[in-house]
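The values are calculated or read from the model by the stated rules, or taken from the named source; none is laboratory data. Just so we're clear, the structure is a prediction, and the values are computed from it rather than from any experiment. Quick reminder, even Gly has a Cβ in these numbers, built from the backbone with ideal geometry, and neighbours come from all protein chains shown. Surface accessibility is based on the protein's heavy atoms, side chains included, excluding ligands, DNA and RNA. Shrake-Rupley method; radii C 1.70, N 1.55, O 1.52, S 1.80 Å.
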Amino acid sequence: MRLQDEPDIPAQINIVPMIDVIFAILTFFIMSSLFLTKSESLPVNLPKASTAVQNTTSLQLTLTVDKAGKMFLNKQPIQLESLEAEIKKRSQENQQLVVVLNADESINHGQVVGIMDVLRTIPGVKLGIATERKDN
């Protein structure tokens, strides 16, 4: 039997554990979305251009030149002498191949021109130069 002097304790819902679960789920989705981006090149400081457009070609190779002047074809080290043979080996018949030159803005202009000259001699290869969009 209940005494009349005891006050009724109101029902309470503790939301602190629910907030912890929501933050854990949010953290999971943020961290997993960071791994969904596809990076085909090494990090370099790209020059800025106001007319930069994104390439949508299906067959693309990325040639990166870092600030030390080292070259990488799809993140694999390569020398200028073997560049033409490697690109010909990776190209496919009846499909346009685009080689995107991802050169650090601080490297020598002569080295970029030399690479472009080699790429232009390969039949069926188009050359693209990676830049960052300049914010006006």
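The loop-placed trypsin sites (Lys or Arg not before Pro) in segment 66-136, going by DSSP, that have at most 14 neighbouring Cβ atoms within 10 Å of their Cβ come out as LYS67, LYS70, LYS75, LYS134.
Residues ASP8, ASP104, ASP20, ASP66, ordered by accessible area of protein heavy atoms at a 1.4 angstrom probe radius and largest first, appear as ASP8, ASP20, ASP66, ASP104. With the simple spin-label model, which puts each label point 7 Å out from Cα in the Cβ direction, the ALA24 to ASN45 separation comes to 4.4 nm. Summed over the residues of segment 80-131 and divided among them, the accessible surface reaches 61 Å² per residue at a probe radius of 1.4 Å.
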